[in-house]
1. Kindly establish whether C:Gly447 is assigned by TED's automatic domain parsing to the domain that holds C:Val468, within 16 Å of ligand 2 (Cβ to nearest atom) and crowded, with 21+ Cβ neighbours inside 10 Å.
2. Out of the stretch C:211-240, which residues are among the charged types (D, E, K, R) and outside any loop (DSSP other than H, G, I, E, B)?
3. In the stretch C:22-57, what residues are in contact (Cβ under 8 Å) with a residue 60 or more places away in the chain, not in a strand (DSSP E or B) and not polar (S, T, N, Q)?
4. Would you list the strands (runs of 3 or more DSSP E) that sit entirely within the stretch A:48-113 and hold 2 or more residues that are more than 12 Å from chain D (Cβ to nearest Cβ)?
5. Looking only at residues that are within 16 Å of ligand 3 (Cβ to nearest atom) and of a type in the set (Lys, Arg) in the stretch C:381-434, which one is surrounded by the most Cβ atoms within 10 Å (Cβ to Cβ)?
6. Can you pull out the strands (runs of 3 or more DSSP E) entirely within the stretch A:238-337 that have at least 2 residues that are more than 22 Å from A:Leu156 (Cα to Cα)?
7. Output yes when any residue across the stretch C:9-27 is at pLDDT 90 or above and either within 14 Å of chain B (Cβ to nearest Cβ) or within 13 Å of ligand 3 (Cβ to nearest atom) (or both), and no when none is.
8. Every residue in the stretch C:43-84 that is basic (Lys, Arg), more than 14 Å from chain B (Cβ to nearest Cβ) and buried (at least 23 other Cβ atoms within 10 Å of the Cβ), please.
Amino acid sequence: SEEAAGDKDPAGAGACKPADVKLVGQVRNESNPYEASWLAGGDAFAKSVGLTQQRLTYGGDSTKQQEQISQLLAGDTKCLVMNVLPNGDSDTAPIVKGADKAGAFLVTQWNKPADLKPADYKTWISHITYNGVESGKQIGDALAKSIGGSGGIIALQGVLDTAAAKDRFAGLQASLKENAGVQLLDQQTANFSRAEALTVTKTLLTKHGDKVKGIWAANDDMALGALEALQQAGKSGKVAVVGIDAVPDAVTAVQNGTMTATVSSDGTWQGGIGLAIGFCAATGKLQVKDIAADNRAFYAEQFLITKDNAAQFAQPKTDPADFDCANVFKRVAGPLK
Amino acid sequence: MTVTTGVAASRRIIRRGAAFRDAGPPVALVVIFLIFAALSPQFRSIANVQNIVDAAAVLAVVTCGITFVLMMGSIDLSSAGVMGASALTVSLLVANNRNDNDFGLAGIAAAIVLGCAFGFLSGLALVLLKVPSFMATLGVSAIGLGVATLMFAGVQPNISDAMLKSWAIDRFLGLSYLTWIAAACILAGWLIQRYTRLGRYAFAIGGAEEVLTLSGVRVKPYKVAVFTVAGAFYGLAGVMVTSQLGAGLVQAGNGYDFSAITAAVVGGTLLTGGRGGILHSTVGVLLVMVLTNGLVQIGVSPYWQGGVEGLIVVAAVAAAVIPQRRRNQVVK
Amino acid sequence: MSVPAEREPATSAPVPALEVRGLVKHYPGVKALDGVDLVVRQHEVLGLAGENGAGKSTLLKALVGLVTPDAGEIYVRGGAVKLRSVVEAANHGIGMVFQEQSLVPNLTAAENILLGSEGAAVRRGVYRWDVMRRLAQEQLDKIGSKIDPLARTDTLSFADRQMVEIAKVLRIEQRSQHPPVIILDEPTSVLESKEIDTLFAQIRRLREFASVVFVSHRLDEVLDVCDRVTVLRGGQSVGEVATAGAVPRELHRMMIGSTGSDDHYHENAAEPVEAEQPRLSVRGLSGKSFRDIDLDVAAGEIVAIVGVHGSGREDVCRALFGIEPTSAGEIRMDGKKISLPNTRAACAAGIGYVPAERKIEGMVGPMSVAENMTLTKQKARCAGPFVVPKKQAGLVDRWIERLSIRTPTRDTAIQRLSGGNQQKVVLARWLIGGDIRLLLLDHPTRGLDIGARSEVYRLMRELAASGVATVLLADSLEEAIGMADRILVMNDGRVATEVGCPSGGKPSPLDLVKEMV
Amino acid sequence: MPLIALVGLVVALTVADPDFLTLRSLTAVSRTAAPLIVLAAGATLIVLCGGIDLSIAALASLSTVLLALWLPDLGGLATPVVIAVAAAIGAVQGLAHVLLRIPSFIVTLGGMSILSAVALVVSGAGTVRVVDDSTVKWLELYVAGYVPMSAAMALLVVALIAAVVKATPLHSWISATGYSESAARLAGTPVDLVKIGAFCVSGACAGFAAVMLVSRQFSGGPTMADNLLLPAVAAIVVGGTAITGGHGSLWRSLAGALVVTLLRVGLPIVGVPSAYEQILYGVIIVVAVALTLDWSKVSIIK
Ligand SMILES: Nc1ncnc2c1ncn2[C@@H]1O[C@H](COP(=O)(O)OP(=O)(O)OP(=O)(O)O)[C@@H](O)[C@H]1O
Ligand SMILES: Nc1ncnc2c1ncn2[C@@H]1O[C@H](COP(=O)(O)OP(=O)(O)OP(=O)(O)O)[C@@H](O)[C@H]1O
Ligand SMILES: [Mg+2]
Ligand SMILES: [Mg+2]
């Protein structure tokens, strides 16, 4: 039997029996709604093919993620399928190289350095992400619109050294360029955290007072923190707030008007689709070499959620049909630039 | 800030500079406040001062708890886990969107009791298993986070309990209820420290634990009790964070462990125990909060903020120890 | 174990307050107590004498429940008791002032006095400071001490703290309706002679309503304050002496089993000093607690500095070792000007320092005898940068033999040695390099028994004979007079006067005391 | 004692998942543990002196950034230069601790945030990719086919420091400083130099750990090693080194680092769910310390 790593069918196509496939989903932690829904999506997919997903979490600790991956790859990797959320850009390369060497099927999401391309590897099937620049700009525009095109806003940045934070902020800057009347009063990092967003927002509100007409947050958690800050400052409803991710609380807030807009990123789908793509490849239903170049690294569809369409997103719905091997690339919105 | 072992060594320094030592942190607080006030007109606004005090509430409560532990010469890193567990507990027990519970104050009490239980666990690990508190509390923190994650179960519990939400929003004399709760905690902490056997023994344990044993005092129950009291403060802090955020977060206590130790130490509480106290720590908390707020107000780049804060903390402590420097002084 | 129901024929003598029979205590490798018998009568001051390591502290700790004896019985007022903790001992009316002062430095005197037996001062865990102050004041009044009960203990002087300890131990009266037994383990070793007088007055007062057990290595003190002395040797009681008319020599003989030399200070070994240039020459040295100190010490000379607490002599000593900063003045060694920014510089200049606080500053308790001995003069055990175990073993064993240090092995942790042997290791630390030129000895015989002390004196004489200059802060005026060639009297940070002290022409203590205050 | 904890853990994990005890799996553990071992080894020296170093992880992160930035220009020279720079930064902290008389906890806590800020700024708050990793690649090789080079190097670092300390007066000096600083100083021990030296070595170790991380990650990042702080301290304590100073050794920290690594990777890999993993981690680490601590050497546990 071929125990050792790396000497697999060079085409990168698997011939595993479906029952032999080992599905692994790895995210930062199970303690926030977004990643919890990701793992739930993975579980649902695994169940649909009669398997179980091994859930791995690394607590946002890059080294721990690497440690887990290398330990995982030190086991039996023949029919291993991994759907991984790298902690940061820097964590993707070692994961990819390790998986490639061990011949494990890999789908990564969100974080990837620009010059690292799945097309250069055999078993790194695909990289999925959302267009951060676009979503940052979309909510920036929505914010500008809701404050009537002019006035001061403040920005809450994410963890400064992540691509998501940078892209989204770049999107805001693009939006500011187009909306000349909107003025960025201040920007601070709140590290994607609800609690930090609360204190930072309070401080910025006292600093800029009534000049603040809107708050741009790089994710919904921070937007929700900002909402609390507004409520505590007695400014509930007087300042527009936008975020990204469409976590359930944010969608509800958009629905009832306390928040202006957010952008969908469908965690349940992300958790399922990565495993689905890997499963199809491992069982030979999908030949990696046949996958279109544009689908090896792509932006997934995302939607701006405003009061008008929020009801649609209130219940995230994953269509099992999305995970059929023929449909797995249905939500591709465009190739990664 | 300085550690002197034994009676003889302490004899040599106490008389000199006892006044300086306690004056250092308040002076530093005033100086830093004045510097920021001079640099930024927004900083010196009434609204911002209120904001600083309000923002200090949770940290003040955590620091109250940790101060007792530090006074004994132990350390406590469990606040992050305990606060997470208590935040989830309270948010699932008061009116919320996950279940039909609506226990109100009883739910809050339960969260505080849970905090006590975790503190009790740390204390037991220390006195029964003889695990240094650094490790024992780190372990308990992990356990707390695990328990919190279990309770979280994938869906964020949002609270709708009017009373708990109002704590963060309603104001009395310009300050939020949470701030008054923190003030009450400081007062309670001060009373415990000064007027109860628990507080005085915690102080004495930091001063000379072996002497207490020689005097026939059973030290272990007091150590456990101190950790339990600290746990209660963390439990309350978890509730307060939940009130602020309107939701129970596993990460409710993120970063409070080191911030609280920093605040206590900056305020003049010794890591080796036996000196400092609640009032010192309160000054430390204000100093830390003034710093974080001030740096944002004067517009220091977010990239540099952490660094500048670290630098100022080191400088403040350094300035505070200058009057008591001696050649053969033990600094750990 | 059968306990005789009826103890001591109830004739004339009342039942003893405390009696110990055949107490045995083993420690790994040592038999600390080997069947000790002891009787403490009511209203007497019983002295306990014995060499370092004779088992005095162990015996006393057994009496307050800190040490569980392996065999033997303890009777309190005729009844056999098992003492398992300090509290139980206190309930039987036995309390102890420990060899090392044991107060919590950051608590008030009142709290220390009431520690562990707060009584009415704490109700349901809540302090009532007014009651506490009153109760503490009552205790202090008993011994006539004037200190403020609410003063922090670490702001008190050594003597005052001793008073606090005694006041504290007297709290046991509250626990037992019988007259208490108060145990004082070496209470005088850290006190000045004036403070000792106060303490003795207290002890005599205690006798009115209590029994006292008193331990000291200063035999004259023992004879002075005690009614009776029991002598321990090797964990056994070897005799009993009524103090009336007894002389130290007799006690000493019982302690060590033979007659020691009469020439305590080895004065016949003292050699006249003739030096053209002083080894150490200090001019106008000033620091925080001393001003304008001039001091010359020739090679082979022993100069004692005397003064009361606060005279600044200790700080002068520490300044000469680079620990205490100086603001003015110059220091010359063999005519060469040196500066002493730190202890390293002092060591490099051939200066050695034996601090008074042996346990805290003198030795590193958990480290071995060998490591403690070689801590300073690393070169002596190294080849190049590397430690040569063989070289170290040879060196250390040689010095263990030469100073007759009693230790199981050279790798024994120094904290397990008796005080005298610890002190010898600390002294040896400076000698093994063979390059020591000036020794600063701060109370080098504190807590040592008479024999160990004598050996330290002999060592000092030998060193002087080999040309080492010595500055001595003596434990007592007698010691200073006995050992020194010259005495400097310090008063309030200045040198008050200088007294020649050659063999044969010694000044009297009174001459010195006049200048000290 | 730490060895018993280590063996016990391996046995427990093997029972939980028989696949765990394979050569490849153990090889992966040792490779994984390498940076942690090196970090813990350096910090052990400081703990032995009675202090603590909270800046090691931040310093390692900064070093990964510096190495990634300098590799293109300096090539093979970048590694020693980064280690030297890290050592210098460690020494500066040591100097601040000794000269300003600030507790090491505070100095290094401040150092941690300062170094993080510097790392954030010099990296432009992002990952610095290493395109040509030929000069650090050697750490990813295997000795004799099975022993990862990084693990071998970690072992070498521990052995080297431990041997130097043992064979020279440093051992006495460090223990004396840790057990009783004032006694050590009065014995003429170069207490200040020893402490600064310990900080310097700890810094160098952080630098070397950074090299290992870069060779593993093919990049440097301003927060890359940050999460290794608590595991490193845990490794030291689990090894049985007294956090109060004096008693302990680098070998103990090596065993401790392996225990901690096994817990970090072993529990999730054998299928313990995330929430229970944390609970188990907390329980096991406390029990491990209870097992390894030599109570006869430390009288009072704080
Ligand atoms: N905890 C202990 N462990 C091991 N040996 C001990 C311990 N305590 C005392 N010993 C040993 O028991 C013997 C008696 O010691 P003890 O302290 O009773 O002597 P001592 O008469 O009080 O001496 P000193 O005059 O120096 O105070 C000594 O040999 C000592 O080394
Ligand atoms: N400037 C000062 N301010 C306050 N206290 C001081 C000052 N200088 C010295 N002291 C204290 O005075 C005390 C006596 O000083 P020192 O120890 O030098 O006297 P000493 O004569 O050597 O006493 P001993 O007889 O115990 O050796 C010390 O406790 C010291 O702390
Ligand atoms: Mg004794
Ligand atoms: Mg003195």
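1. Details: assigned by TED's automatic domain parsing to the domain that holds C:Val468: yes; within 16 Å of ligand 2 (Cβ to nearest atom): yes; crowded, with 21+ Cβ neighbours inside 10 Å: yes.
Yes.
2. Within the stretch C:211-240, C:Asp220, C:Glu221, C:Asp224, C:Arg228, C:Arg233, C:Glu240 meet the criteria.
3. If the condition is that a residue be in contact (Cβ under 8 Å) with a residue 60 or more places away in the chain, not in a strand (DSSP E or B) and not polar (S, T, N, Q), then C:Gly29, C:Arg41, C:His43, C:Glu44, C:Gly50, C:Glu51, C:Gly53, C:Ala54, C:Gly55, C:Lys56 are the ones that fit.
4. Values: elements: A:53-57, A:80-84, A:105-109.
Qualifying strands (runs of 3 or more DSSP E): A:80-84, A:105-109.
5. Filtering the stretch C:381-434 down to residues within 16 Å of ligand 3 (Cβ to nearest atom) leaves C:406, C:414-423.
Those left that are additionally of a type in the set (Lys, Arg): C:406, C:416.
Values: C:Arg406: 15, C:Arg416: 18.
The extreme case among them is C:Arg416.
6. Values: elements: A:240-242, A:297-300, A:332-335.
So the answer is A:297-300, A:332-335.
7. no
8. Taking the stretch C:43-84 and keeping what is basic (Lys, Arg), we get C:56, C:61, C:77, C:82, C:84.
Checking the rest, the ones that are also more than 14 Å from chain B (Cβ to nearest Cβ) come to C:56, C:77, C:82.
Listed by number, the list holds a single entry, C:Lys56.
The values are calculated or read from the model by the stated rules, or taken from the named source; none is laboratory data. Values in this document were obtained by computation on a predicted structure and should not be read as measured data. As a convention, Cβ positions derive from the backbone with ideal geometry for all residues, glycine included, and neighbour counts pool all protein chains shown.
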